[in-house]
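Coordinate-derived values only; no laboratory data. It should be emphasised that the depicted structure is a prediction, and the values quoted were computed from it without experimental measurement. So basically every Cβ, Gly included, is an ideal-geometry build from the backbone, and we count neighbours across all protein chains shown.
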Amino acid sequence: VDDAGGTRPSVSTVAGGGLGGGECFELSPSGVLKLQKGDITKWFVDGSTDAIVNAADEQMLGGGGVDGAIHRAAGPELLEACSKVPEVLPGVRCPTGEARITQAFRLPVSHVIHTVGPIYDVDKHPEVSLGNAYRNSLRLAKENNVQYIAFPAISCGVYGYPYKEASRIAVSTAKEFSNDFKEVHFVLFSDDAYKVWLDSARELL
Ligand code: ADP
């Protein structure tokens, strides 16, 4: 049991210990990008400062998809922590493209970074907003000494971003931070997303 009251599985010293398999790519002599299939709420790296990224909405008060899964796994303390993040506009705690950090409570990681991706058909420049969501998450992680970080496919669920375009932005933005993390992971929920991410990583790395 960790100090946040959760249960930290002690199964592995391999990064992404909560999930099996996956494929690695070199980002730099010291940095690795890893793709895995599965549930991001199970992801952690034993004995490290690690973070998962949540595809939240601007209110940061929970929702469906990966946001719902993260809140369920983290417990009600996460909602309480999110509600304490100051509003920058009425009802807006994290504008699209920005990021905020909280503790992770019952999740097996150190932190949750909440970011808001664009709604593909609504945002005027979704590629800019999606790049900013990844970039600001990575910046905030770096500021908090996170060494291992895992992303879901931000905006690729109800926000409707096509996998191909999204995966290229995700991989190329991770590449901008090639010296800043030991490992950057993408945890893809479907076979389809995993395959597309794999193609983009092979193409861009
Ligand atoms: P958005 O509103 O940003 O589109 P969604 O949560 O609807 O966010 O979907 C983002 C992506 O997260 C989708 O590809 C979805 O399949 C995936 N997803 C849903 N649940 C999980 C989970 N537990 N772990 C990892 N990815 C997940």
Each residue of region 103-112 in turn: what ³J(HN,Hα) in whole Hz from Karplus with 6.51, -1.76, 1.60 and θ = phi - 60°, glycine and Pro shown as x?
5, 10, 6, 7, 6, x, 9, 7, 9, 10
Based on DSSP, what percent of beta bridges with both residues in the chain are antiparallel, to the nearest 5?
35 percent
Set of lysines near Lys182 by C-alpha distance (under 24 Å), chain-local residues within fewer than 8 positions excluded:
Lys34, Lys37, Lys42, Lys142, Lys195
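Which of Phe186, Phe25, Phe181 has the fewest other C-beta atoms within 10 Å, and how do the rest follow up to the most? Before the final figure, lay out the partial values.
Values: Phe186 28, Phe25 18, Phe181 23.
With the fewest neighbours first, Phe186, Phe25, Phe181 line up as Phe25, Phe181, Phe186.
Please report the equivalent ellipsoid semi-axes of region 128-205, computed as sqrt(5 x eigenvalue) of the Cα gyration tensor, largest first, in whole Å. Please report the intermediate quantities before stating the final value.
Working: eigenvalues 80, 37, 26 Å².
Calculated on Cα positions only, the semi-axes equal 20, 14, 11 Å.
Using Cβ counts within 10 Å as a stand-in for footprinting exposure, how do Ile119, Ile149, Ile101 rank, fewest first? Numbers along the way, then the final one.
Values: Ile119 16, Ile149 29, Ile101 21.
By the 10 Å Cβ count, ascending, the order reads Ile119, Ile101, Ile149.
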Zone residues, region 173-192, relative to Glu23, backbone N less than 16 Å from point 7 Å out along Cα-to-Cβ
185-192
Once phi for every residue in region 62-75 is put through the Karplus expression 6.51 cos²θ - 1.76 cosθ + 1.60 (θ = phi - 60°), the whole-Hz ³J(HN,Hα) values, with Gly and Pro written as x, are x, x, x, x, 5, 4, x, 4, 5, 5, 5, 6, 7, x
Rounded if a/c is under 1.5, else prolate if a/b is larger than b/c, else oblate: which is region 57-146, with a ≥ b ≥ c the root eigenvalues of its Cα gyration tensor?
prolate
Quick check: pseudo-label points 7 Å beyond the Cα along Cα→Cβ at Asn145 and Arg72, how many nm apart are they?
3.4 nm
Order by neighbour count: Tyr120, Tyr159, fewest other Cβ atoms within 10 Å first, most last.
Tyr120, Tyr159
Potential extension, Ile119-Lys195 segment - 0.36 nm per residue separation minus Cα distance:
25.1 nm
Long-range Cα-Cα pairs in the chain (distance over 24 Å), rounded percent:
33 percent
Using θ = phi - 60° and Karplus 6.51 cos²θ - 1.76 cosθ + 1.60, couplings along region 161-176 (whole Hz; Gly, Pro as x)
6, x, 4, 4, 5, 5, 5, 5, 5, 4, 5, 6, 6, 4, 4, 4
Taking H as built 1.01 Å from N, whose amide H comes closer than 5 Å to the amide H of His185, not counting residues under 5 places away?
Lys34, Ile149, Ala150, Phe151
